[in-house]
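K.L.:
Questions regarding the structure given below will be posed in turn.
The values are calculated or read from the model by the stated rules, or taken from the named source; none is laboratory data. Here the structure is a predicted model, which is why all the values come from computation and not from measurement. Cβ: placed from backbone, ideal geometry, glycine included. Neighbour counts: every protein chain shown. Calculation scope for accessible area: heavy atoms of the full protein, side chains included, ligands and nucleic acids excluded. Shrake-Rupley method; radii C 1.70, N 1.55, O 1.52, S 1.80 Å.
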Amino acid sequence: MSFEPITGRYLNITVQGRRQRIYVETEGKGTPVLCLHTAGADTRQWRHILNDADLTAAHQFFAFDMPWHGKSLPPEGFQTEEYLLTTEAYMETVLAVSRALGLDCPILAGCSMGGRIALQLAALHGDAFSGFIAIEASDFQPAWYDIDWFHRPDAHGGEMGAALVSANISPFAPKAERWNTLWMFMQSGPGVFRGDLSFYTRDDSLIGRLAQIDTARTRVHLLVGAYDLTCTPEDARRTAAAIPGATCTVMEELGHFPMSEHPAGFRPFFLDALTRMKVPADV
Amino acid sequence: MRATLAQMQYRLHNTPHLLRLGRLFSDTVLLEVDGAEFYLTFRDGWLETIVEGPSRKTPWRFAFRTDADALAQFWQPIPKPGFHDIFGLVKIGRGRIDGDILALVKNLRFFKEFMGLARAEARTEELA
């Protein structure tokens, strides 16, 4: 028997008046860290971190599939609605999951749209967390593509989405992990990537909120891959510069899905980010 | 460029998974390099003809325009950021896509892996 240490369970919560059955994976003991996946993907992006015995010796990691993603079902009645993620629903979902898990001010680590919402939560609900690791996260990027490409009856949105986001994966990524990362996009439910991109490419409300983030109370560290075409190092640096006290590290050999596309390359940067969360902001 | 395209054609025809991915792709693509035109006509995933321009009469579905130096960097075993993908070339101002972009997106994996077939090492799958 060689089970991985990760445990997966289901959590029933109510978000904006609707019941949601949320799939949560967890492993470790110590400082709680809540992990958020990217658009069009799921918790599997974090499996290498949750399986890292050295990291889980001092941290209890939680990663959950957003509604409509991975093993979390869409809410009842989904069959007649258009999935469009909003900042408000996303924040309420993260807060509701954190509460339901009984977490006391966890570190929030999110990638891409997860990084975007981490910064929104840092601005609006900073007291609910002890630090923010915003990976491939920036204030705003309008889409250079048409998000409707990814939900249409004459083509497979998942395959097109995977082909598009492959542009964001570093050539240093091991082949197996490159394709595991893309597989999650290929598996994404119809219209889900499009609905996530609606949030990511149309809501620019974070721009005006960045200066509200109080890094004297909770640390904010940004990580960005040099091969990320969606959130470029310039985007992340601009965003960090607008948050007084925030720090930013460029990961030269990584792309937009660092914890998934190149786990070994990402590990030292993530470990450094976790360490930074423990250091008072004024040091 | 002509020899490189012939090599890519040979590799495509000897790459079963690419022929399978492109089995519904039958269109002409304009590849423009430093202003030189190459009309690539695909049928069911096979690259049937490579015709050099210039031509004002040849219809094409979509075009990818770039320069020889950018392509040379794109075809490095480990390209620098921005040079690692055709959309990266567009992003850094070294490439342009015109025409029916949706037709490209519907066949994106096929076309990106085809464009990667001239890469120095046989790592086209992961680098395209």
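K.L.:
Roughly how crowded by other chains is peptide A:142-152, in terms of the mean Cβ count from those chains within 10 Å of each of its Cβ atoms?
P.N.:
Whole-number average of other-chain Cβ neighbours for A:142-152 is 2.
K.L.:
Summarise the accessible area of region A:200-283 (1.4 Å probe, protein heavy atoms) by the percent that is carbon and sulfur.
P.N.:
Whole-percent figure for carbon plus sulfur exposure: 54.
K.L.:
Another question, if that's okay. Using alpha carbon centroids, what distance separates region B:27-72 and region A:93-114, in Å?
P.N.:
Answer, in whole Å: 49.
K.L.:
Taking a probe of 1.4 angstrom, what is the accessible area of A:Arg19 in Å², to the nearest 10?
P.N.:
Looks like 150 Å² after rounding.
K.L.:
Continuing with the same structure: Only four residue types carry charge here, +1 at the Cβ of Lys and Arg and -1 at the Cβ of Asp and Glu. Report the dipole size of region A:7-278 about the Cα centre in Debye, rounded to the nearest 20. Don't skip to the end; give the middle numbers.
P.N.:
Details: 23 positive and 31 negative charges, 130 e Å.
For region A:7-278, the charge dipole is close to 620 debye.
K.L.:
Sticking with this structure for a sec: Among DSSP bridges having both ends in region A:12-111, what percentage is antiparallel? Round to the nearest 5.
P.N.:
Taking every DSSP beta bridge with both residues in region A:12-111, the antiparallel ones total about 50 percent.
K.L.:
Rank B:Ile92, A:Ile49 by accessible area, highest first, at a 1.4 Å probe radius?
P.N.:
Numbers: B:Ile92 75, A:Ile49 10 Å².
Highest to lowest solvent-accessible surface, that is B:Ile92, A:Ile49.
K.L.:
Same structure, new question: Under a Cβ-only charge scheme (Lys and Arg +1, Asp and Glu -1), can you give me the dipole magnitude of region A:38-140 about the Cα centre, in debye to the nearest 20?
P.N.:
Numbers: 5 positive and 13 negative charges, 47 e Å.
With only Lys, Arg, Asp and Glu charged at Cβ, the dipole is about 220 debye.
K.L.:
Classify chain A from the C-alpha gyration tensor, please: rounded if a/c falls under 1.5, else prolate or oblate depending on whether a/b exceeds b/c.
P.N.:
rounded
K.L.:
Picking from A:Gln45, A:Val250, A:Phe185, whose Cα lies most toward the positive end of the charge dipole for chain A (charges on Cβ: Lys, Arg +1; Asp, Glu -1)?
P.N.:
So the residue we want is A:Gln45.
K.L.:
Follow-up. Counting partner chain Cβ atoms within 10 Å of every residue's Cβ in B:73-81, what's the average? Kindly include the intermediate steps, with their values, before the conclusion.
P.N.:
On the way: counts 0, 0, 0, 1, 1, 4, 3, 3, 12.
The mean count of partner-chain Cβ atoms within 10 Å per residue comes to 3.
K.L.:
Please give the solvent-accessible surface of A:Trp68 in Å², to the nearest 10, using a probe radius of 1.4 Å with every protein chain present.
P.N.:
Approximately 40 Å² of A:Trp68 is accessible to the 1.4 Å probe.
K.L.:
Charges on Cβ only, +1 for Lys and Arg, -1 for Asp and Glu, centred on the Cα centroid of region A:7-278; of A:Phe150, A:Ala100, A:Leu84, which one is farthest towards the dipole's positive end?
P.N.:
With unit charges placed on the Cβ atoms, the residue in question is A:Ala100.
K.L.:
Run through the DSSP bridge list for chain B and note the antiparallel percent, rounded to the nearest 5.
P.N.:
DSSP beta bridges in chain B are roughly 75 percent antiparallel.
K.L.:
If you don't mind, there's one more thing I want to ask. Of the beta bridges DSSP finds with both residues in chain A, what % are antiparallel, to the nearest 5?
P.N.:
Approximately 35 percent, going by the DSSP bridge assignments.
K.L.:
What 222 nm value per residue comes from the helices of chain B, counting each DSSP H run with n ≥ 4 as -39,500 (n - 2.57) and dividing by all residues, nearest 500 deg cm²/dmol?
P.N.:
That comes out to -9500 deg cm²/dmol.
K.L.:
Can you pull the accessible area of B:Arg65 for me, 1.4 Å probe, Å² to the nearest 10?
P.N.:
Using a 1.4 Å probe on the heavy atoms, I get roughly 50 Å².
K.L.:
Quick check on packing: order B:45-57, B:72-84 by the mean number of other C-beta atoms within 10 Å, highest mean leading.
P.N.:
Highest to lowest by the protection proxy: B:72-84, B:45-57.
K.L.:
In sequence order, what are the phi-derived ³J(HN,Hα) couplings for region A:14-19 according to the Karplus relation 6.51 cos²θ - 1.76 cosθ + 1.60 with θ = phi - 60°, rounded to whole Hz, with x for glycine and proline?
P.N.:
Values per residue, Gly and Pro as x: 10, 10, 6, x, 10, 6 Hz.
K.L.:
Using the Karplus curve 6.51 cos²θ - 1.76 cosθ + 1.60 with θ = phi - 60°, work out ³J(HN,Hα) for each residue of region A:182-188 in order, rounded to whole Hz, and write x for Gly and Pro.
P.N.:
5, 4, 4, 5, 4, 8, 4
K.L.:
Another one. If you count, for every residue in A:171-183, the Cβ atoms of partner chains within 10 Å of its Cβ, what is the mean?
P.N.:
Per residue, the number of nearby Cβ atoms from other chains is 2 on average.
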